[in-house]
Amino acid sequence: MKTKILMILSVAYLSTQGVLFTFLPQEVNAHFGQSTAGVGLLISQTLGAALLAFALLNWMTRSNILGGIYGKPLMMANFLFFFASGMSYLKAADSPVVWVMAAISMAFGFSFGYVAFTHPFKTS
């Protein structure tokens with residue numbers, strides 16, 4: 001699997017969400033019917049910062065050898081994040097936007113799981 005493409009796609013997905021949650025938390029929360037003030041706003045902005053940090057981590061390691069034991073902590077962290085968030089989206093899916101986010105997260109989760117548990121130089 002071309003891990004550089006996977007990493008760049010994950011960066012695009014994570015940074016898009018991170019920017020939205022960091023800089024437009026009231027609008028995002030209002031869209032999903034959540035609190036637009038107080039702790040709900042703080043949680044959304046903190047989530048956005050974490051997503052941007054994860055995107056930066058993926059961007060900085062996009063050219064590294066990944067898979068097998070190489071980059072295992074990063075692949076496992078990505079696998080856990082995307083799989084768990086995908087399952088959470090599936091549980092809360094009540095609109096087409098959330099269904100799309102669930103599908104994208106699960107696809108990334110399975111892709112990172114595949115990379116984490118296979119040999120990076122396997123040709124067959």
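Does segment 1-61 come out rounded, prolate or oblate, given a ≥ b ≥ c as the square roots of the eigenvalues of its C-alpha gyration tensor, rounded meaning a/c under 1.5 and, failing that, prolate meaning a/b above b/c? Since a/c reaches 1.5 and a/b is larger than b/c, the shape of segment 1-61 is classed as prolate.
Here semi-axes √(5λ) of the Cα gyration tensor in Å was calculated from the structure, and among (1) 20, 17, 14; (2) 23, 18, 14; (3) 29, 15, 10 it sits at label (3). Residue ranges 96-103, 18-25 sort as 18-25, 96-103 when ordered by packing (mean number of other C-beta atoms within 10 Å per residue, highest first).
Using a 1.4 angstrom probe, figure out how much accessible area the chain has per residue, in square angstrom, rounded to the nearest whole.
Working: 7410 Å² over 124 residues.
Counting only protein heavy atoms, the per-residue value for the chain is 60 Å².
In whole Hz and in residue order, list the ³J(HN,Hα) couplings for segment 14-27 that follow from phi through the Karplus curve 6.51 cos²θ - 1.76 cosθ + 1.60, θ = phi - 60°; x for Gly and Pro. Each residue's phi maps through the Karplus curve to give 5, 5, 4, 5, x, 5, 4, 6, 7, 9, 10, x, 5, 5 Hz. The slack in the chain from V100 to T118, taken as 0.36 nm per residue of separation less the alpha-carbon distance, amounts to 3.8 nm. The angle separating the long axis of helix 72-92 from the principal Cα axis of greatest extent in the chain is about 40 degrees.
Residues in segment 31-39 carry Karplus couplings, in order, of 4, 9, x, 9, 4, 9, 8, x, 5 Hz; the curve used is 6.51 cos²θ - 1.76 cosθ + 1.60 with θ = phi - 60°, and Gly or Pro positions show x.
The values are calculated or read from the model by the stated rules, or taken from the named source; none is laboratory data. Because the structure is predicted, anything quoted here is derived from the model rather than measured. Every residue, glycine as well, gets a Cβ built from its backbone with ideal geometry; the counts of neighbours run over all protein chains shown. We work out accessible area using only protein heavy atoms, side chains counted, and drop any ligands, DNA or RNA first. Shrake-Rupley method; radii C 1.70, N 1.55, O 1.52, S 1.80 Å.
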